[in-house]
Amino acid sequence: QVRLVESGGGLVQPGGSLRLSCKASGLAFSLANMAWYRQAPGRQRELVASITGGHSTNYADSVKGRFTISRDNVWRTVYLQMNSLSPEDTAVYYCNTHNRGREFWGQGTQVTVSS
């Protein structure tokens, strides 16, 4: 059973930074494509960043230059380093992967950017 557990969310002031973590189990992590999505109140869930097993990355235009996705295959963890946060980044952030034709989500972690 694939399990994704996010952590690292919280309240941060505009301009601040946070690092989210997603620990994965139940899959061949080093081969898995991993992604971070977010969903703000009243909005659709959107892709923030993704990273392949080969460490190729992709970012939403809204976060390019501010967010960095990375992975540690030893610790089976994917990270999202978020810098220069703005109130528009406020959302629940979800970890995502696919395994054997099925899609899996973490429980989400709340990020609130406010002064």
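Give a quick list of chymotrypsin sites (Phe, Trp or Tyr not before Pro) in region 1-101 that DSSP marks as loop, anything other than H, G, I, E or B, with at most 16 other Cβ atoms within 10 Å.
Hits after loop and neighbour filter: W75.
Pulled fully out, how much extra length does the chain show between R100 and S30, if you take 0.36 nm times their separation in residues and subtract their Cα-Cα distance?
Answer, rounded to one decimal: 23.7 nm.
With a 1.4 Å probe and all protein chains left in place, how much of the accessible area of region 1-71 comes from carbon and sulfur atoms, in whole percent?
47 percent
Grab the beta carbon distance between Q1 and N83, set R0 = 30 Å, and tell me the FRET efficiency rounded to 0.05.
On the way: r = 34 Å, r/R0 = 1.13.
That pair, Q1 with N83, gives E of 0.30.
Lys and Arg at +1, Asp and Glu at -1: add these up for the other residues within a Cβ distance under 12 Å of Y93 and post the number.
0
Which trypsin sites (Lys or Arg not before Pro) from region 55-91 combine a DSSP loop assignment with at most 15 other Cβ atoms within 10 Å?
When the trypsin sites (Lys or Arg not before Pro) of region 55-91 are filtered for loop state and at most 15 Cβ neighbours within 10 Å, K64, R66 remain.
Can you give me the convex hull volume of the Cα atoms of region 8-115, divided per residue and expressed in Å³?
On the way: hull volume 10.4 nm³, N = 108.
Residue-normalised Cα hull volume stands at 96 Å³.
So, in nm, how far is label T68 from label L47 when the simple model puts each one 7 Å beyond its Cα toward the Cβ?
Spacing of the two 7 Å Cα→Cβ label points: 2.2 nm.
The values are calculated or read from the model by the stated rules, or taken from the named source; none is laboratory data. Everything numeric in this text was worked out from a predicted model, so none of it was measured. Glycine also receives a Cβ, built like all others from the backbone with ideal geometry; neighbour counts cover every protein chain displayed. Areas reflect the complete protein model, heavy atoms only, side chains present, ligands, DNA and RNA absent. Shrake-Rupley method; radii C 1.70, N 1.55, O 1.52, S 1.80 Å.
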